[in-house]
Structures are given as C-alpha cells and as structure tokens.
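Working notes for the structure below.
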Amino acid sequence: MKNRGLLLYALAYLAFLYMPVLVLPVFSFNNSEFIAFPLSGFTTRWYAGLAADSAMLHALGNSLKVGAATALASTLLGLLAAKAVTRNRLRGAGLALGFISLPLFIPDIVLGLSLLLLLGAVGLPLSLAAVVLGHLLVCVPFALTVLIARFEGFDPNLEEASADLGEDGWMTFWRITFPLMLPGIAASLLLTFITSFDEFLVAYFLSGTEATLPVYIWGQLRFPERLPVVLALGAIILTVSVALVICAELLRNRGVARPRVGA
Amino acid sequence: MSFLSVSRVSKSFGGAAVVDAVDLSIERGEFFALLGPSGCGKTTLLRMIGGFETPDNGTIAIDGEVMNTVPPHRRPTNMVFQNYAIFPHLNVFDNIAYGLRRLRLRKDELRARAEAMLATVRLEGLGERAAGQLSGGQRQRVALARALVREPKLLLLDEPLGALDKRLREAMQVELRAIQRKVGITFLLVTHDQEEALSLSDRVAVMGAGRILQVAAPRELYERPNCRAVADFIGDMNFFHATVRQIGDSVTVNAGLLGILALPRANLAPGIRTDDHILLAIRPEHVGFSEAGVAGEIASATFLGERSHYHVKIAGRSDPVSVSGIAPTHGTVHLVFPPDHLIGLPNA
C-alpha cells in the first residue's frame, strides 16, 4: 500500500505547513486573553479593538507608504533591467542578473545591519525612506524575475513592427510594450508590495522612530494583554497577503494570447 | 542611380559573415525577390534595408538617400514580418491605422485611408475583429494592409506566405501580385520558395552563403542559370561533366557519355575558355525519348497527370538521369539531349 503511505505523508506535511498558520485566526476569535486550549468562546472584540488603536493605524499607514513606494520603484527598475537583458544582446547580462539577485541570498539580518552601518557612516537619518531603500534591494530581484518572464513571453517583432510603422522608442513603449506588459507589471507591483509590507528585519533596523506594521507588532509582544489584538492583526495581514499573492499569480499567468498560425 | 541601391554591404554576427559584400540594384515599381536557402543571409539583408540591423560595411541608399544610420521609424520602408507581428491588443482597424497616427491626418481622413486599405486587402467589415480571432490568411492581409497604408516607397516582405497552407499560399500569390500592380509600390520579397519567387517577381536575386549568385528575370534564371548552385536551387537539373574543345560561333564540347556536342555560344556561361572542364546542365523536361540515343533503364516512374517523372539509369554514371515526359516503353529506353537546351556552367 505504497500509495496510502504517500497520501498520509502528504497530509501530515500539509498539516505541518498550515497548522501553525491557522493557530493565528483561530485564537484571534477566542474570547480569552490567554492563548491556550480549550477555546473559551467566539468573539470579535479583538478586531474591534484594532480599529481604535491609533498607534497601530499609524504603523499601518507607514507600511502602506513604504510598500507603495517600494513597489513602484522596484517595478520601474525591474522593468528597465528586464527590457535591457531581454531585448539587447548585452555582454555580461547573466553576470549582472546574478548580482541583482544576490541580495535575495544574503541573510536579512546581515543586510539590515550593513545598511544600518552604511547609513550611519554617510550620516543619513533612520527613516521610512531608508526602509524603502533597503526594501528595494530585496524587491528588485522579484520584480525582475516576474518581468523577464513576461518580456520573454512576447514577440520582439511587435516592437520592431511599431518602429517600422513610424513610432520611436518612447511611443513604441507606450503603445505596444506597456499595454502588453501590463499584467506582468501589475503582478510585480503586488508581489513587491506584499514583500515590502511583510518585511521585518530591514525595517526594524532602519525605521527609527517611525514603526512599520511588523515592527509595531514586534513591539506589542512585550505586553501580554495585547497578544489577542496582535493575533487579530496577524490574521488580517495573513489573509490580505495570501489574497494579493494569488492575484499576482493569476495576473502573471494570464498570457498574451499567442498568435495562432494557420488558415 | 537605382531606386534601391545596396553596395558592398557586409554583416557578420560573432565573426561569421552572414552577408558578404553584396551589391544589389532595384528599380522603382519592381517586384523583386531575394531567393535562397535558409541561412543564406537574405533575411539579414532585408532587415538591414528596413533598419533593424546596421551594416558593418557598405551603403544602402533608397531613392538617392543613404540610409545606413537612419532608424527604422524614419525610413521610407515598411515591412511585412514573417510571423506578421499583428498587435494582439488591438483590433484589425487599429492595427491598420497604427502607422497613420504619426502622419497627423484629420480623423475622417485617417478613417477613410484605413477603410480604403481594408477594402484593398478584402477585409471589409472586419475592422472591429480582435487580432486573436483572425485566421492565418486574414493575419497576412492585416500585416500587408498595415504596411501599405503608410504608402512606403519600398515594401519589404519577409517570407510573407510561409506560414500559410498550400492552397491559401497559391491564392495569396495571385493576390499579392495584383495588389502590387494596383498600388505601384516597389516590393522586395524574401523567400526560400523558388516557385513563389519565380511566379511573383519581375526579377529574382538568388543568394547563397551571404553572396548574390545571380540576378535575372524568372525565365532567364530558369533557362540560363549562371552556376551550379543556382541551377540546383531552382527546379530540377541534370549535370554532366564535359570539356570545352573549341569556342567559335558554336561551342564544341566533349561530353563523355553524351559524345561530342555543339552548343549555341549563348548557352555557355561567361568566363569559360577552351580546355576548361565544365558542367553541362539540362532540365528533365528537355531530355527526350527517342529511337536511338543514349541507352538507359527506367529505374522509377512517378505518374504526375499529363506527364510522368522518370529516373533513368545509364551505363557509366551513378546518378540516374531525371526525365520528365512520357516514356514510349517500360524498361529500356533511349535518351536524347538537345544541344539547344544544354547549358555550359563552370565546374566549381
């Protein structure tokens, strides 16, 4: 019964993956300040408490700002780099891509610490802007991966045809490249936004006095009575993150209809 | 100076010469074909004329203006791409009107021009159709209309019929020729299909290994190829080794198996001298069956309707002779090789 064994293994693995995550929403509806079984009844008061928490709302605002700025900047940078490596015969393109992707493999704590030291050395203050710069390092590789795949999926002859029909590079970009890249651009915006929004370590080192949401949550863990509220917040972030990633994947896979050739 | 003048143009990619010192002159209003096997450099040459590649050497001039550094969007050329490159996010009308935006026409004028072009390529009423819903033949027409609507001085066509099935291809050949006559624009077509090149064009340049081998009208190309590569590439051809004995008003050759023959002087390619070893070339349809002649054995016969195609084995020769016609018998036949149809080519 090899198949049954594999099935059990798969189920156990899924449980291992998702049980911890599900603890969050379950306890966020639990009517008790103590995080322990048995559950003691259903409540939404932790969620209601969130709406009144002005410090939390401020941190949320900070995270949205940082996420939006990071998403726009990293998608723009990714778009330029992706166009360069897919549309030109560039010497050293592979090497450049490797270097761009390297920050993905540098431990965040090392990255955060290095950035902290660097900012200190050049005399820049810790701020949300510094967080955005740090997040760019992590997000550009994601944007690049999504956008390169998209560029490779569309026919370079389309851009040549536009040039042939009298449009210069700029107008060709707006009339052909941009509309055809739009699903990829949207996917990249969502992915980089959510990556920045959920990022903790770099933000922790660089945010200074303006906490982002994950930094705020970390701070709240010192107060045991705040824990259920943090769980409610975590549950919301989890839901939104998953939803955004699903949207991004759907967009990414929505291909330009490949031309059918034949009669 | 000719309308399109390509002189000493070369292009190499990664050290390999793809186009090698090519000279080419095309007259205004001509339907001209660049014919050659894949990889012979014909598409690269076309792309240099369109501005998508820059020549390493040489000059390209259109209507007296040197084009080498002019980007594609400023050239008086338009191109029909091999895969048509129809803009997938635009409908048929917007695809065709795409290149008109730059001309700053009035709205009704733009509309009229695009509609007229839709009619020329027989796509009336399909303006609203999405690009993804077009058949192969329709895509080809949209690509053609989109390029022609700008009234280029020179239209470049890169294997425009290659993606179509055989019947559609034949119908489109007739139509392409009719459209060219109607609009009067110079057409430069790239193809590997010799039938297409011969049936469509006023003149054909045969390319091989980055060089132009021969430029001639289709009939001349077929009847008087100037080298073995051209003779081989266009149609079916039999070759025999021979030696030139004497060149006078006619040419006397010793053709071994075929005996001593006298050819018209015009059948000899230029540059051949007495005592040269040459190739005698003859088309299958010019080889005749007769009562007496070179004896051979029919090795295979293919029935083709009004005629048949035979492979005839003759003694002392490994390759069978291709013969097109109607054999009087099965088995042993006698072949004659009329000297008027034997062409003397350099043995290279």
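The values are calculated or read from the model by the stated rules, or taken from the named source; none is laboratory data. Just so we're clear, the structure is a prediction, and the values are computed from it rather than from any experiment. In this analysis, Cβ positions are derived from the backbone assuming ideal geometry, glycine residues included, and neighbour counts consider all displayed protein chains.
Identify, please: which residue in the stretch A:149-169 is part of a helix (DSSP H, G or I) and modelled with pLDDT of 90 or more and is, among those, nearest to A:Leu72 (Cα to Cα)? Among them, the one singled out is A:Glu159. Checking every residue in the stretch A:190-204 against the condition of being within 14 Å of chain B (Cβ to nearest Cβ) and either assigned to a helix (DSSP H, G or I) or not polar (S, T, N, Q) (or both) gives zero matches.
Filtering the stretch B:127-165 to residues that are more than 10 Å from chain A (Cβ to nearest Cβ) and surrounded by fewer than 21 Cβ atoms within 10 Å (Cβ to Cβ) leaves B:Gly127, B:Glu128, B:Arg129, B:Glu151, B:Lys153, B:Glu159.
Screening A:Gly153 on (1) without any contact (Cβ under 8 Å) to a residue 24 or more places away in the chain; (2) surrounded by fewer than 19 Cβ atoms within 10 Å (Cβ to Cβ); (3) closer than 30 Å to B:Gly50 by Cβ shows it passes everything except condition (1).
For the stretch B:94-126, the set of residues classified as in contact (Cβ under 8 Å) with a residue 24 or more places away in the chain, hydrophobic (A, V, I, L, M, F, W, C) and more than 11 Å from chain A (Cβ to nearest Cβ) consists of B:Ala114, B:Met117, B:Leu118, B:Val121, B:Leu123, B:Leu126, listed by residue number. Just name the residue that is nearest to B:Gly132 (Cα to Cα) out of those in the stretch A:167-179 that are at the interface with chain B (Cβ under 7 Å from one of its Cβ atoms) and surrounded by fewer than 21 Cβ atoms within 10 Å (Cβ to Cβ). Selected residue: A:Pro179.
Go over the candidates A:Ile100, A:Ile35 one by one and state the one that is in contact (Cβ under 8 Å) with a residue 40 or more places away in the chain and not in a helix (DSSP H, G or I). Write out each step before concluding.
Working: A:Ile100 fails: not in a helix (DSSP H, G or I).
It is A:Ile35.
Among the residues of the stretch B:105-117, the one identified as out of contact with any Leu (no Cβ under 7 Å at 6 or more places or on another chain), aliphatic (A, V, I, L, M) and surrounded by 15 or more Cβ atoms within 10 Å (Cβ to Cβ) is B:Leu105. Within the stretch A:151-166, the residues that satisfy the criterion of being more than 8 Å from chain B (Cβ to nearest Cβ) and either small (Gly, Ala, Ser) or under 30 Å from A:Val131 (Cα atoms) (or both) are A:Phe151, A:Gly153.
Within the stretch B:74-93, the residues that satisfy the criterion of being in contact (Cβ under 8 Å) with a residue 60 or more places away in the chain and either more than 10 Å from chain A (Cβ to nearest Cβ) or not in a loop (DSSP other than H, G, I, E, B) (or both) are B:Pro76, B:Thr77, B:Asn78, B:Met79, B:Val80. Of all residues in the stretch B:42-73, those that are more than 8 Å from every other protein chain (Cβ to nearest Cβ) and outside any loop (DSSP other than H, G, I, E, B) total 16.
Going through (1) touching a residue at least 12 places away in the same chain (Cβ under 8 Å); (2) farther than 26 Å from B:Glu27 by Cα; (3) not aliphatic (A, V, I, L, M) one by one, B:Asp232 falls short only on (1).
Take the residues of the stretch B:182-233 that are small (Gly, Ala, Ser) and over 30 Å from B:Pro264 (Cα atoms): which is surrounded by the fewest Cβ atoms within 10 Å (Cβ to Cβ)?
Just the residues of the stretch B:182-233 that are small (Gly, Ala, Ser), to begin with: B:184, B:197, B:199, B:201, B:205, B:208-210, B:216-217, B:229, B:231.
With over 30 Å from B:Pro264 (Cα atoms) added as a condition, the list becomes B:184, B:209-210.
Working: B:Gly184: 9, B:Ala209: 14, B:Gly210: 22.
Step by step, filter the stretch B:182-233, then rank; the result is B:Gly184.
Name the single residue, out of those in the stretch B:320-348 being touching a residue at least 40 places away in the same chain (Cβ under 8 Å) and not in a strand (DSSP E or B), that is surrounded by the most Cβ atoms within 10 Å (Cβ to Cβ). Filtering first and then ranking leaves B:Leu342.
Give me a count of the residues in the stretch A:79-122 that are of a type in the set (Lys, Arg), more than 23 Å from the chain's Cα centre (by Cα) and surrounded by 11 or more Cβ atoms within 10 Å (Cβ to Cβ). Talk me through it step by step, then tell me what you get.
Here is the first cut: in the stretch A:79-122, the ones of a type in the set (Lys, Arg) are A:83, A:87, A:89, A:91.
Right, trim to more than 23 Å from the chain's Cα centre (by Cα) and you get A:87, A:89, A:91.
Remaining after also requiring surrounded by 11 or more Cβ atoms within 10 Å (Cβ to Cβ): A:87.
Residues flagged as of a type in the set (Lys, Arg), more than 23 Å from the chain's Cα centre (by Cα) and surrounded by 11 or more Cβ atoms within 10 Å (Cβ to Cβ) within the stretch A:79-122 amount to 1.
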